[in-house]
Amino acid sequence: MSILDSKWEGLLEAFSEGLELAIEELKNKDVENIPGAKDALLDRLNVIKIQFTRNKGELFERVIDNTIQNAFFPDTSNFAEAFGKILKSRNHEQDFIINELINGFVTSRTKAIASYDQGPIIDRMVEAFAKRNDFHIVDHQFYAMFGDPNKPRSHIEKSLKELVNLFGLVSEEFEIDRDLRRSEKKKYTFYTFPPDILKILQEKYIIIEKEKGIFVKALLEMLQNSKNAKATEVKIEINVKSMRFIDNRKETKKNDDTEKNGDYQYEQFKEKKLQMFNLGKIIWKTKNWIRDIDTKNNIDTLKKNSRQIEGTDITIIFYEENDDILKKEYEKSFRNEEGKKFKEEYLLREAISNIEISNMKIYINSDLYEDIEKEIELDLSVYKREKNKNLVYAHVSEAFDRNVFICLFLANIAVNRNNLQKIGGSFTINGISAIFALIFLLSFMPKINVEKNHPILKNPSFNKQKMDIIPKSWMMKQVLEPLFEPLIKIIAYRLGGGRWLNQIIASEINKKIHNQIRFLIKDVNKWILGNLCRVEIPIFVEISNIFAEVPIDLGINED
Amino acid sequence: MMSKRKYSERGKSGRSREKWTDILPKYLTHISHMQPILKETRRIINDLDPIIFLEPELDILDQIRQEEEKRNTRTVRALSEFSAMYRSNIYEIMKDFIIDFRGKIEPIELKDYIVDHLYEAVKALSILKKITNPDQRDLDKTFLYLLVKYIEEIIFPRGSNLENIYGKLLSNAKDFYECQRHLLQTHTFYREKLRDPEYFTIPGISPKVYQIINTVTSLFNLEPNYGEFPERSNYEIPMLLKNDVFEPYIESVAHAEEEAAENIAERIGLRVLDDIFLAPKAEFVELLLKHSFLREITQEDGKIRYVPQFSNETLFLYYSAIASLRRGFLSKELVNWISMNFALVIYMGILKWKLSDDNIFYGIFKDLQTNEKILPYLMKLSSFPNYLGMDKMKIRDSAQYRKEIFNFIGSQIDNLQELIDEVSNYCEKI
């Protein structure tokens, strides 16, 4: 038997002894006011004693490793994965548990990471993020929102830095040569969530709006113009060096004026600017006019065409330096994997996918464009786009609240569980383990049936669908104390191995922490008229289901 | 240190001006700048040919905005800056909306939407504008009065005595207990002197005190001791050992701790008996009996024992009730917090009532720059004697305090949203 095994065995044994003690104490005392409650609890404790010490505590592994950790304290070194799991287990009631996990640290004195005056800081974060429309906080804005005129700037700077570390935010610096107010050089630092976290938040908590690149925008504008002019067919020939855009647009009503006043159309045509002008040399033919434009060389001439054409015919010869721009834009659209076609065409397709083309036929290099991929790259990495200069707009949705940050905070502790210093040492470890021990015990409490005319059933705060009455005697000091400590040790051991276990020493301070935590999770473990009620939230149901499966499993094995 | 004192002195000198007729104009200032902007925008959009919405960059809207800005004749710089900011926000939102939807719906419909939404926004502002009047005439018909009273009745009711208030709180606890609780759990944090020997001050409930209340409730339900009821012979009331409750939270007990523990106990209706026990006060016992949180059991020796059967809210609502009854003695932090909650619920309730859920201008109303122009004054207005009747002098006026609003808005809870919905339904009725 290895040392680890023997340690684990020792813990199981201690738990078993604790249970026995608790059962003894329970037998001697009766605080229940519902008949049968005490017996139900005694039965349950006996079953726990038998089942949980079997097979080297296999059930413990299932309950703690698979269920509790999965929901609130994922065992992974991947921050984003941990965060995703915690976030997933959120619902109204489980939010209370997540909140209590934080409160658990608050009570564990100031040494813990989230001390009381940091509480509001979480609220600050929510507001600072909600305020901007790109899901960033900027240092100067943060100072402006939360700085205290009575305290030096360094105070708030420090506080922001702490936050950034606490939540593992990523930063990016942005320097401007002359700011508006003083025309001085100024450096701004933007903070945002790590890209993987953003990806998780994207579904529900932040809404991403994509801004199009200049090439796509320019293309979109041309297409929009054709559409507005009621063109039914657009032919586009595109390659790396040039593009030709032909449509069969109908003449607009201005046509009559043109005939009357030859200059009018000239003016109209001349004034009209396309974004595409910036991207290449352009020959624009419409009706009997030809316009040559070369923005780079300041050329914009207009001459009569001897041949009248229908619709519009625009030829663009791209400037060479555009290649870089297009390349970047192309990379941002993350279509590299398709490989075969050249980037201009992809961008063109992207532009087209942004426009309603119900009664317009578009040919790209003689192929009819088919509208197949409407969902344009939702899986793109926000952060990567961000790096390429503000291409994405993101804002928070209604669902975004302080619990998102609390989840982030928990995830941070979960992945750094081996770094005791970072997570706040003994206080945090005792706090977390004790709350999980409570969740564990609470899940296994048997439901009690009461008579139909019991006053609790008439109480407005008792919700028959969502709540069950459970025995209250397990919360008695005499019962809980012998149970609690070995259980906390088991949980600490499963969560953080020997390192965590060593922190659960029977010191006075730890005892105090355990005593404080004894009556936590009050919102899902409610008192109603002196009866203890459990709100049946997913985590409790999930854990107790494991237990319900066991007898059947065992039965099969024995057969 | 010097600068700090100066600061507070300056704060004090401003206090003499805090009259209804001073605050109301301040409240109205920004609203009366916002409304015309929305109105004129509505007129302009109404006159526009929707076909211009198809123009790629919508430059026309920018031009209109610049034109409008030129007409600005306001001389106060802060106000003209605010107006410019407000106007540009409106135009930005319209532009975004048009760009987003022009491929999907007809331009004429786009226009209709924008005009409708502007119309709603104007309506909401006109309600906010006539929420009350300068001389508080027909007080009981003003929105401010009705709304404050409505919300007050649910989460912070008034009453002639504790019993009355407690009853009201309890009857609303089913749906709004989380709000009632939230109202006392300040998330803002000021370092303030609570132990003023001359006054009895009621602070907000910190996470630790919350846990202590939690512990007391549980211990009473689990394993109380029983002792003689001092005010009534032949009766026994439940008692807890003071140490059992406070020990986990106190490192070593000295005079200050004793006092703090007693103060906390007093606010949840308990008293210290024989120096070591915590037991409900006589009047609280009556209250508990009335709401069946105590049950009578006749002992074999003929003595009648009151057995506790508390609910989660039993003690907490007593704290609420006492805070409500003695609202003149609330701590600075709590006054700010409570009035902030009221102001927000009123504001959001009116918005919810007047604006449809998909109104594109919702964002402007929820924008912090708008919030900080309206909420602080609404807080003060709702603290006046006829309304919440709290000490409005305690409401902070500094830039720092305004920042606390940001913290506050970040700490909203789901249940508060339900209250806001409830308030908007109520608005519908009045």
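The values are calculated or read from the model by the stated rules, or taken from the named source; none is laboratory data. Because the structure is a prediction, the values reported are computed rather than measured. Counting neighbours? That spans all protein chains shown, and the Cβs are built from the backbone with ideal geometry, glycine included.
For every residue, the table says whether it meets (1) touching a Phe, Trp or Tyr at 6+ places or on another chain (Cβ under 6 Å); (2) in a strand (DSSP E or B).
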position	(1), (2)
A:445	no, no
A:457	no, no
A:464	no, no
A:469	no, yes
A:482	no, no
A:486	yes, no
Notebook entry, point to check: Listed residues B:344, B:330; which is under 27 Å from residue B:163 (Cα atoms), at pLDDT 85 or above and crowded, with 19+ Cβ neighbours inside 10 Å?
Noted result: B:330
Check: From the set of residues in the range B:226-261 that are assigned to a loop (DSSP other than H, G, I, E, B) and more than 24 Å from residue B:293 (Cβ to Cβ), which is nearest to the chain's Cα centre (by Cα)?
Finding: B:250
Checklist line | Count of residues meeting criterion [touching a residue at least 12 places away in the same chain (Cβ under 8 Å) and within 9 Å of chain A (Cβ to nearest Cβ)] in the range B:217-234 | finding: 4
Check: Taking the condition within 14 Å of chain B (Cβ to nearest Cβ) and among the β-branched types (Val, Ile, Thr), does residue A:456 pass?
Finding: yes
Next item on the list: Look at residue A:43 and say whether it is closer than 19 Å to residue A:484 by Cα, surrounded by fewer than 20 Cβ atoms within 10 Å (Cβ to Cβ), acidic (Asp, Glu) and at pLDDT 85 or above.
Entry: yes
Check: Given the conditions (1) within 22 Å of residue A:94 (Cα to Cα); (2) within 12 Å of chain B (Cβ to nearest Cβ); (3) without any contact (Cβ under 8 Å) to a residue 60 or more places away in the chain, which single one is not true for residue A:464?
Finding: (2)
Note to self: Which pairs turn up if I take residues in the range B:241-260 that are buried (at least 16 other Cβ atoms within 10 Å of the Cβ) and look for partners that are in a loop (DSSP other than H, G, I, E, B) and modelled with pLDDT of 75 or more with beta carbon separation below 7 Å, at least 6 apart in sequence or on another chain?
What the structure shows: B:242/B:276
Next item on the list: Quick one: residue B:311 ticks every box in (1) small (Gly, Ala, Ser); (2) surrounded by 20 or more Cβ atoms within 10 Å (Cβ to Cβ); (3) not in a loop (DSSP other than H, G, I, E, B) except a single one, so which number is it?
Entry: (3)
Next item on the list: Kindly list the number of the only condition in (1) closer than 24 Å to residue B:168 by Cβ; (2) part of a helix (DSSP H, G or I) that fails for residue B:295.
Entry: (2)
Next item on the list: Taking the residues in the range B:376-405 that are closer than 15 Å to residue B:347 by Cα and part of a helix (DSSP H, G or I) as candidates, determine which candidate is modelled with the lowest pLDDT.
Entry: B:405
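Within 14 Å of chain A (Cβ to nearest Cβ), among the hydrophobic types (A, V, I, L, M, F, W, C) and free of Cβ contacts under 8 Å to residues at least 40 places away in the same chain: is that true of residue B:64 in this structure?
Details: within 14 Å of chain A (Cβ to nearest Cβ): no; among the hydrophobic types (A, V, I, L, M, F, W, C): yes; free of Cβ contacts under 8 Å to residues at least 40 places away in the same chain: yes.
No, not satisfied.
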Check: Are any of the residues in the range B:275-285 within 14 Å of another protein chain (Cβ to nearest Cβ) and among the aliphatic types (A, V, I, L, M)?
Finding: no
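Output the residues belonging to the range A:442-453 that are within 30 Å of residue A:413 (Cβ to Cβ) and either within 14 Å of chain B (Cβ to nearest Cβ) or among the charged types (D, E, K, R) (or both). Talk me through it step by step, then tell me what you get.
Taking the range A:442-453 and keeping what is within 30 Å of residue A:413 (Cβ to Cβ), we get A:442-445.
Result: A:442, single match.
Quick check on residue A:82: is it in contact with a helix residue (DSSP H, G or I) (Cβ under 6 Å, 6 or more places away or on another chain), surrounded by 21 or more Cβ atoms within 10 Å (Cβ to Cβ) and under 27 Å from residue A:471 (Cβ atoms)? Quick ask: steps written out before the conclusion?
Numbers: in contact with a helix residue (DSSP H, G or I) (Cβ under 6 Å, 6 or more places away or on another chain): yes; surrounded by 21 or more Cβ atoms within 10 Å (Cβ to Cβ): yes; under 27 Å from residue A:471 (Cβ atoms): no.
Answer is no for this residue.
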Notebook entry, point to check: Looking at the range B:280-333, which of its residues are out of contact with any strand residue (DSSP E or B) (no Cβ under 6 Å at 6 or more places or on another chain), hydroxyl-bearing (Ser, Thr, Tyr) and farther than 19 Å from residue B:157 by Cα?
Noted result: B:292
Next item on the list: Just name the residue that is modelled with the lowest pLDDT out of those in the range B:47-68 that are in a helix (DSSP H, G or I) and among the hydrophobic types (A, V, I, L, M, F, W, C).
Entry: B:54
Checklist line | Single residue of A:307, A:291 found to be at pLDDT 80 or above and of a type in the set (Lys, Arg) | finding: A:291
Next item on the list: Tell me, please, whether a residue that is outside any helix (DSSP H, G or I) and of a type in the set (Gly, Ala, Ser) can be found in the range A:8-30.
Entry: no
Check: Taking the range A:294-316, which residues are of a type in the set (Ser, Thr, Tyr) and within 24 Å of residue A:238 (Cβ to Cβ)?
Finding: A:295, A:312, A:315
Notebook entry, point to check: Looking at residue A:469, is it touching a residue at least 60 places away in the same chain (Cβ under 8 Å) and farther than 20 Å from residue A:101 by Cβ?
Noted result: yes
